[in-house]
Amino acid sequence: LAEVERWPEWAPHISGVTVTPAGPLTPASSGTLRIRRFGQNTFRMSAWDPPDRWQWTGGLPGVRILYDHAFAPVGDGATTTLTWTVSLDGPMAVVVRPVFARVYGGFADRAIPRLQQWMLA
């Protein structure tokens, strides 16, 4: 998952990714996700604690969006659970949150099964 430039391989809503510096994520990473039919969204790393989690911050006018990626080993450690938490705050969050949840939820519903298949391949 730290190879964000490869996300379009399993996330059909993402048409492209640019990460600076190029390559796997680092504490200094920032970038742009190009979202089909919605334009682009920039992000910057806001928390970095591998292998347990990373968080990046993006946003829309009047809304700060936190994307938290937390990883936990299961059982003997051969399996990992990913908890992906998205939270919105800011003066426009209360207005944007219901629409964002519906759209982003639809993206996730399509992407997560593809991510699982992609990782098994």
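The values are calculated or read from the model by the stated rules, or taken from the named source; none is laboratory data. The structure presented is a predicted model; accordingly, all values stated were derived computationally and were not measured. Areas reflect the complete protein model, heavy atoms only, side chains present, ligands, DNA and RNA absent. Shrake-Rupley method; radii C 1.70, N 1.55, O 1.52, S 1.80 Å.
Here Arg44 sits with roughly 130 square angstrom of accessible surface, probe radius 1.4 Å. Computed from phi, the 3J(HN,Hα) profile of the stretch 45-61 under the Karplus parametrisation 6.51, -1.76, 1.60 (θ = phi - 60°) reads 5, 10, 8, 9, 9, x, x, 7, 5, 9, 9, 10, 10, x, x, 10, x Hz, with x in place of Gly and Pro. Ranking Ile35, Ile65 from most to least accessible surface, computed with a 1.4 Å probe over the protein chains only, gives Ile35, Ile65. Could you state the per residue volume, in Å³, of the convex hull enclosing the Cα atoms of the stretch 1-68? Dividing the Cα hull volume of the stretch 1-68 by its residues yields 82 Å³.
Across Arg37, Arg97, Arg53, mean-square fluctuation computed from a Gaussian network of the chain (C-alpha pairs under 10 Å connected) peaks at Arg37.
How large, in percent, is the carbon and sulfur part of the accessible surface of the chain at a probe radius of 1.4 Å? Of the solvent-accessible surface of the chain, carbon and sulfur hold 59 percent. Put Asp89, Asp68 in order of accessible area, highest first, and with a 1.4 Å probe you get Asp89, Asp68.
Using the alpha-carbon positions of the chain, Rg (one decimal) and Dmax (whole number) come out as 14.5, 44 Å. Give me the angle, in degrees from 0 to 90, between the Cα long axis of helix 93-120 and the longest principal axis of the Cα atoms of the chain, rounded to the nearest 10. Helix 93-120 sits roughly 20 degrees off the main axis of the chain. Our helix-only sum for the chain, with -39,500 (n - 2.57) per DSSP H run of n ≥ 4 divided by its residues, gives a mean residue ellipticity at 222 nm of -8500 deg cm²/dmol.
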